Amino acid sequence: MVYQTGPPTYSPSTNPADPRSWSAPRAFIAQEPPIVTQNKRDGTWIDFWVICDTTQPGELLQRVR
């Protein structure tokens, strides 16, 4: 599960059907990268997407105005 927080956080689960199997939120990164801070202007750094195949999750950051 991915949370729309800043910085973005996620919670893995060993069994998605069991609410007790989800971990506490973990940060993808410690803080907003300087390149984002320098270029987002008056925008907001939101909309984090997780793209997975059967073995490897990946993260796509999308800027929405």
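The numbers here are math on the coordinates, done by the rules we state, and not lab data. The shown structure was predicted, so the numbers you read here are calculated from the model rather than taken from an experiment. FYI the Cβ positions are ideal-geometry reconstructions off the backbone, even for glycines, and counts take in every protein chain you see.
Couple of notes before you dig in:
- Subtracting the Cα-Cα distance of residue 40 and residue 11 from 0.36 nm times their residue separation leaves 7.8 nm of extension gain.
- With the simple spin-label model, which puts each label point 7 Å out from Cα in the Cβ direction, the residue 30 to residue 4 separation comes to 2.8 nm.
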